[in-house]
Amino acid sequence: MQIQSLKVFCDLKETESFTKAAQINNITQSAVSQQIGSLEKQFDTLLIERSKKKFRLTREGIALYDYSKQIMQTYDSLLNHLQEIKNIVSGTIRISTIYSVGLHELPPYMKRFLKAFQTVNVHVEYRRSNQVYDDVLSNIVDLGLVAYPIKEPRLEIIPIRNDRLVLICHPEHECANQDQIELSRLEGKRFIGFEPDIPTRKGIDKILRDYGVQVNLAMEFDNIETVKRAVEIDAGVSIVPHGTVTQEIAKHTLAHVEISDNTFYRPLAVVYKKNKVLSPAMREFMNILKEDLDSCLKK
C-alpha cells in the first residue's frame, strides 16, 4: 500500500467524484478506480457503497478516511518540515481565483513571487465565486482568492487587501468631469451591474440600499470585463473596484469618479481548508499577498 493511494482515496471522498479525484492527482479515472480496488483488496473490505446513486462510503470506508487524513496530514507536515530544515521553497501551488482578482490584482504579486522563488510552479484557475469555495473545500486547489469572503466553519480566511470602489462612466458622460459624486446623483440612472449571485454585486447593492438610492438596472453581467465594455459604449454607469479599471482610465476609454459619501472598499481574502498543512511555498505566497494590507494597517 502506497501513501499515494490513501491520498487518492481521501480526494475521492472529499470531491465525491472520480473525475475530480483524477484531476487533482493527474491520473486517469481508471487509475483512481484501480487504486480504490487495490485498497479494498488490501483491507479485504468494501470502501464505497456502489449500489447507491449518491456517492457514499461504507462504515469501513469512513474509518479508513478518518485515519488516512491523519496519515496524510502527518506526511505533509514531514515533507514541509524537511523543506524548512533544508531552507527549500519549492513545489506546486494550485490557486482558484475569481476573474477580477486573477486578471487585475494577482499578476504583480505573481511576478514578484515567481522571481523570488523560481523553483515553485503556480497553477491558476479562473472561476466564479461559488466555484472557488467548492474547489478549496474539495481539495482541487490549495488556495482560493475571493472578494467579500464568506464565513465558513471549514475554511480559514486571511484578509489580503481592500480595493476602493469608484464610479465609472463613459468619458463624455455628464459625471465624467467631476472629481467626486454623491450616491444620490445615481438615483434612476442606467446602471451596469454584476449578476445577483456575485458577492461584489451584493456589496454594491447594500451600499445603494443603505443610502436609499435606486438605480435603473440596465444590464447584468457575470464578470468585470463585460461590465467595463458596456460602460465604454455608454450603456450606463457602474461601481467597480478601482484596481480593475486602471488600464482603461490610463487609456481614457473610461472615466472614474470618487464617491463623496464615504470611502467604500471591496475586501479581498485568501481562503484555504482548515487543518490543511501549508507548505513553505504557500506561506511565502500568502506573505507577499498580505504585504499591502500590512502596510495599510501601519499607516
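The values are calculated or read from the model by the stated rules, or taken from the named source; none is laboratory data. None of the values given here were measured: they were computed from a predicted structure. Here the Cβ is made from the backbone with ideal geometry for all residues, glycine too, and neighbour counts use every protein chain on show.
All conditions in (1) surrounded by 17 or more Cβ atoms within 10 Å (Cβ to Cβ); (2) under 30 Å from L145 (Cβ atoms); (3) in the same structural domain as K13 (by TED's automatic domain parsing) hold for G61, with the sole exception of (2). Among all positions in the stretch 223-242, there is no residue which is outside the structural domain of L103 (by TED's automatic domain parsing), under 21 Å from I150 (Cα atoms) and among the charged types (D, E, K, R).
Quick check, is I207 in contact with a Phe, Trp or Tyr (Cβ under 9 Å, 6 or more places away or on another chain) and buried (at least 19 other Cβ atoms within 10 Å of the Cβ)? Before you say what the answer is, go through the steps one by one.
Details: in contact with a Phe, Trp or Tyr (Cβ under 9 Å, 6 or more places away or on another chain): yes; buried (at least 19 other Cβ atoms within 10 Å of the Cβ): no.
No: the conditions fail for I207.
Residue-by-condition table, conditions (1) among the hydrophobic types (A, V, I, L, M, F, W, C); (2) surrounded by 13 or more Cβ atoms within 10 Å (Cβ to Cβ):
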site: E14; (1), (2): no, yes
site: A21; (1), (2): yes, yes
site: N25; (1), (2): no, yes
site: Q29; (1), (2): no, yes
site: I48; (1), (2): yes, yes
site: L78; (1), (2): yes, no
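Within the stretch 96-113, can one find any residue that is assigned to a helix (DSSP H, G or I), free of Cβ contacts under 8 Å to residues at least 12 places away in the same chain and within 17 Å of Q23 (Cβ to Cβ)? Scanning the stretch 96-113, I find no residue that is assigned to a helix (DSSP H, G or I), free of Cβ contacts under 8 Å to residues at least 12 places away in the same chain and within 17 Å of Q23 (Cβ to Cβ), so the answer is no.
Taking the criterion of being part of a loop (DSSP other than H, G, I, E, B) and exposed (fewer than 14 other Cβ atoms within 10 Å of the Cβ), would at least one residue in the stretch 230-237 satisfy it? Quick ask: steps written out before the conclusion?
From the stretch 230-237, those part of a loop (DSSP other than H, G, I, E, B) are 233-236; that's our starting set.
Of the ones still in play, those that are also exposed (fewer than 14 other Cβ atoms within 10 Å of the Cβ) are 233-234.
Yes, that holds for at least one residue.
Residues in the stretch 46-100 that are of a type in the set (K, R) and within 25 Å of F285 (Cα to Cα): K69, K86, R94.
Mind telling me which of the residues E152, E156 ends up being part of a loop (DSSP other than H, G, I, E, B) and not aliphatic (A, V, I, L, M)?
On the way: E156 fails: part of a loop (DSSP other than H, G, I, E, B).
So the residue among E152, E156 that is part of a loop (DSSP other than H, G, I, E, B) and not aliphatic (A, V, I, L, M) is E152.
Do we find that D142 is more than 15 Å from L268 (Cβ to Cβ) and either touching a Pro at 6+ places or on another chain (Cβ under 6 Å) or acidic (D, E) (or both) in this structure? Yes, satisfied.
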